[in-house]
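*Asks:* Mind looking over this structure? Questions follow.
The values are calculated or read from the model by the stated rules, or taken from the named source; none is laboratory data. None of the values given here were measured: they were computed from a predicted structure. All Cβ positions, glycine included, derive from the backbone under ideal geometry; neighbour counts span all protein chains shown. Ligands, DNA and RNA are stripped out before the accessible areas are found, and what is left, the full protein with its side chains, is counted by its heavy atoms. Shrake-Rupley method; radii C 1.70, N 1.55, O 1.52, S 1.80 Å.
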Amino acid sequence: MHMQKIALPLILSLLIPFGVCAAESAAPPADGVWRDTPRAKDAIRVLVVTGGHEHDTSFYSIFEGYPDIAATVRPHPAALMRDLRKGIQVLVLYDMVRDIEPEKQKVLQQFAEAGKGIVVMHHALADYLNWPWWAQNVSGAHYVFDPGPDGKKSSYKHDEILDVRPVGQHPVIDGIGPFKILDETYKDMWFSPKIQVLLQTDNPTSDEPVAWIGPCTTSRTVCIQLGHDRNAHGNPAFRKLVRNAILWTAGK
Ligand SMILES: [Zn+2]
C-alpha cells in the first residue's frame with residue numbers, strides 16, 4: 001500500500017478503450033498484430049475506476065479475452081463525474097481515494113441504490129474513508145489508517161504466500177477450490193458483522209476473510225482483498241474469481 005502515486009497507465013488509460021492498455025501486458029500474438037477481443041452485443045458493460053494508487057499494467061489483463069465483458073477504465077477525477085446508472089452495469093473499484101466529494105458520493109449511492117453491480121478490489125478497501133456510509137452499507141469493510149479509540153490500525157505486508165480456501169457455496173466461488181497465491185496481505189481492517197465471507201486464509205499477516213459479499217441490500221456487491229500486482233493478476237484462481245464476481249454482480 002502506497003499513497004497517491006499516479007502511475008503512467010492511469011494517464012494513458014484516460015480516454016482509450018481497455019484493450020489498448022492490456023496489450024502492454026499480454027503476450028504478442030504469432031503474427032505480431034494485437035487485436036481486441038470481439039465483444040457480444042449484450043456484453044456486460046463494466047467501468048473500472050483507478051487512481052490514487054500505482055499498479056502493474058498486468059491488472060488490465062484480468063478483463064481481457066472475454067466476449068461477454070466490455071470493460072472501460074477511467075481514473076479519478078473523471079471516473080465519477082457523471083450519473084453512471086445509464087450505460088454501466090458493473091463498477092469495479094481499484095482506486096484509492098480517501099476523501100470523496102459530496103457530488104461523487106451521490107453518483108456512487110445512486111448507482112448502489114439502482115441495483116447495479118459493484119466489485120471492490122484490493123486497495124479500494126481504503127476508499128472514501130470520509131464517508132462511513134460506503135463501508136457500513138456497501139463494501140462492509142475498510143482499511144484503518146488512523147487508530148481509533150482502541151488504538152488499532154491496519155497493516156499490510158507484501159509478497160506473502162496465502163493458502164486460500166472457499167467458504168460454503170456461492171456463484172462467485174463456483175469452480176474455485178483451495179488455492180495458493182503470492183500477494184499483499186492486509187490485517188486488522190474494520191469489518192461489518194453483516195458480510196458473507198466467500199474466501200478465507202489463515203496467513204497470520206492477513207485478516208481471515210479475503211473475499212466476501214458486502215451488506216448492500218439494493219446492489220450485489222463483492223469485495224476481493226487480493227490483487228496487488230502481477231503475481232495476483234496472473235493467478236488463474238484470482239482471475240476466475242474476478243470474472244465470477246463481475247457476472248454475479250451483473251445478475252448473470
Ligand atoms: Zn497493494
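*Asks:* Name the residue that is least open to solvent (accessible area, probe 1.4 Å), counting only residues in segment 206-232 that are farther than 13 Å from ALA141 by Cβ and more than 13 Å from the ligand (Cβ to nearest atom).
*Replies:* Filtering segment 206-232 for residues that are farther than 13 Å from ALA141 by Cβ and more than 13 Å from the ligand (Cβ to nearest atom), the one least open to solvent (accessible area, probe 1.4 Å) comes out as SER219.
*Asks:* Check off (1) away from the ligand (no atom under 16 Å from the Cβ); (2) open to solvent by 10 Å² or more (accessible area, probe 1.4 Å); (3) touching a helix residue (DSSP H, G or I) at 6+ places or on another chain (Cβ under 8 Å) for ASP202 and give me the number that stays unchecked.
*Replies:* Of the numbered conditions (1) away from the ligand (no atom under 16 Å from the Cβ); (2) open to solvent by 10 Å² or more (accessible area, probe 1.4 Å); (3) touching a helix residue (DSSP H, G or I) at 6+ places or on another chain (Cβ under 8 Å), the odd one out for ASP202 is (3).
*Asks:* Could I ask something else about it? Could you list all residues from segment 116-142 that are open to solvent by 10 Å² or more (accessible area, probe 1.4 Å) and within 16 Å of the ligand (Cβ to nearest atom)?
*Replies:* HIS142
*Asks:* Looking only at residues in segment 143-183 that are aromatic (Phe, Trp, Tyr) and not in a strand (DSSP E or B), which one is farthest from the ligand (Cβ to nearest atom)?
*Replies:* PHE145
*Asks:* Using beta carbons and a limit of 7 Å, which pairs, at least six apart or on different chains, have the first residue in segment 216-231 and without any contact (Cβ under 8 Å) to a residue 40 or more places away in the chain and under 18 Å from MET189 (Cα atoms) and the second one of a type in the set (D, E, K, R) and within 16 Å of the ligand (Cβ to nearest atom)?
*Replies:* Listed pairs, sorted by first residue: none to list.
*Asks:* Within segment 52-65, track down each residue that is surrounded by fewer than 21 Cβ atoms within 10 Å (Cβ to Cβ) and touching a strand residue (DSSP E or B) at 6+ places or on another chain (Cβ under 9 Å).
*Replies:* GLU64, the sole residue that qualifies.
*Asks:* All but one of (1) over 25 Å from ARG98 (Cα atoms); (2) open to solvent by 60 Å² or more (accessible area, probe 1.4 Å) hold for GLY251; which doesn't?
*Replies:* If we test GLY251 against (1) over 25 Å from ARG98 (Cα atoms); (2) open to solvent by 60 Å² or more (accessible area, probe 1.4 Å), just (2) comes out false.
Conditions tested, residue by residue: (1) away from the ligand (no atom under 16 Å from the Cβ); (2) modelled with pLDDT under 95; (3) crowded, with 17+ Cβ neighbours inside 10 Å.
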{"residue": "ALA26", "(1), (2), (3)": "yes, yes, no"}
{"residue": "ASP42", "(1), (2), (3)": "yes, yes, no"}
{"residue": "HIS76", "(1), (2), (3)": "yes, yes, yes"}
{"residue": "MET96", "(1), (2), (3)": "no, no, yes"}
